[in-house]
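Computed from the coordinates by the stated procedures, all read-outs in this text should not be read as laboratory data. None of these values were measured; they are calculated from a predicted model. Neighbour counts run over all protein chains shown; Cβ positions are idealised from the backbone, glycine included.
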Amino acid sequence: MSNKLFSLKTSQARWVILISYIIALAFDTIALFGHSSPVIPPLTLFFLLYWCANFLDRTHLFSAFLLGLLADTLYQTTLGSHALLFSMITFLMIRHRLRFKGYPVWQQAFLISLYMMSYQLLNYLFFSPVLNGNEIVQYWTMPALSILLWPVLAYSLGKISHTAADD
Amino acid sequence: MHFVIAFTLAIVLMVADHYGQLMGSFRGVLLTTISPIERIATLPKQFYQLTTTDFTNVDTLKLENQRLKTELLLIKAKQQQFSNLQLEVSRLESLLGTAGKINTQSLKIATVTYYSNNPLSQYLTLNKGQLNNVIEQQTVIDSKGIMGQIINTTPTHSRVLLITDPDHQIPVRVQRTGQRGILSGTGHETTQLGFIPKTSLVEIGDLLESSGLGGVFPAGYPVAVITQIENKGGNPYLDVTATPVADLFQSHKVLILSQATPYLNFDEDLDESLNEDATEEPLDVK
């Protein structure tokens, strides 16, 4: 199983990755139009980090850049700002992904929360969102929620990508 | 190496987008790309509305129809008075020999398809785009006042930056005193009136209307009502908070104003809009 996990190639699950990004963008759009609280993590970045950590034959920086541009369009922010944020977080993941992949899922979840905290911090510095009352707490609680979300995501995407690779 | 390229490209894009107008068409392409995803994202809400609104009471609809008919009659009567007044003013102006003119705008009715009410960005998406001759910087109003301006267009949709967006500013004047200022968005459902000196006579409840300075927004449309005035120590200006008069997140139908034209083409768009309503699902109004 572990050998198989380490030998997965992006080309084996290209369509799964593409569809997952579209679904993630759709979920982020639902969260935006549904006026959900800032506690919900950006799923696009979540998926990007998962694929980056598990498919080691690519840097995924092109995907990060492109998804960042789409996020800029979605959130109506300066073009390139989310692209820069996504590229930076992906780069941080690339630097440690071999070690990250070897950790158990719960440990990965804690590391992901650190990545998400970096994202929130950079997001705050870049855009200075105006947060009132509870929103401040919710904004900074997002990395903690990521700890709970990561195991579910890792399990589901792991199953799907292995099924796709087997086919 | 890949990271260095992505980093440099992102910085170049940010600078180009911030200081130039070159990125408008590129953003339009991205907006067109993301448009199908936005439609997919609204499907669950539309399905929910479809299942809930189908059970609306017939009596309620009859009552609403009656109310709308009465309202329409009253508006038509007012419109007749307005036309007479317009002619009267033109006659008086020609008698006085002044060069003044009443500006009338060409109107387009559009439907709000979705909206974002996020601290980062506040915008609406409308179902009219380049194919309907919608262009950037056109003003969007509802029945109560100015909502914002068109910032991006795709062939079938357009995006409106609301006056409450942190990046939005509109030149206004206090209707009662004529005092001018700049109204900026706060990222929430209020706006901040800047550059009002402490000696100014503004009061809570004063109506702010567009001043027309800058030439983007037409003059004389209501924008916001002053709700709070604070006088902070060393600051030479007052901290004035105002609430928009338009129903920014509740309006379903809005009007897009074009540049001044000698006539109104309201009826044509009204017919088109009514035909659209027969096939479209209404947006949930709060």
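Here are the numbers for this structure:
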| item | result |
| --- | --- |
| Shielding by other protein chains, B:180-193, mean Cβ within 10 Å | 1 |
| Cα shape, the protein assembly as shown, gyration tensor, a/c 1.5 rule | prolate |
| Three-way shape call for segment B:131-216 based on the alpha-carbon gyration tensor, with the a/c threshold at 1.5 | prolate |
| Cleavage-rule hits (GluC sites (Glu not before Pro)) in segment B:182-241: DSSP loop, at most 15 neighbouring Cβ within 10 angstrom | B:E189, B:E203 |
| Burial ranking of peptide ranges B:122-131, B:29-38 (average Cβ count within 10 Å, highest at the top) | B:122-131, B:29-38 |
| Lysines with Cα under 21 Å of A:K159, excluding same-chain neighbours fewer than 8 positions away | A:K4, A:K9, A:K101 |
| Candidate lysines - alpha carbon under 25 Å from B:K128, same-chain residues fewer than 8 apart omitted | B:K45, B:K108, B:K144, B:K253, B:K286 |
| Span-like helix ranges in chain A, DSSP H, alpha carbon extent 18 angstrom or more, Kyte mean at least 1.0 | A:14-33, A:61-75 |
| Three-way shape call for segment A:98-167 based on the alpha-carbon gyration tensor, with the a/c threshold at 1.5 | prolate |
| Radius ratio Rg over Rh of segment A:2-166, counting only Cα atoms, Kirkwood formula for Rh | 0.95 |
| Debye log10 I(q)/I(0) for segment B:169-244, one point scatterer per Cα, at q = 0.12, 0.20, 0.25 Å⁻¹ | -0.28, -0.78, -1.19 |
| Charge tally in the Cβ shell below 15 Å around B:I182, where Lys, Arg are +1 and Asp, Glu are -1, B:I182 excluded | -2 |
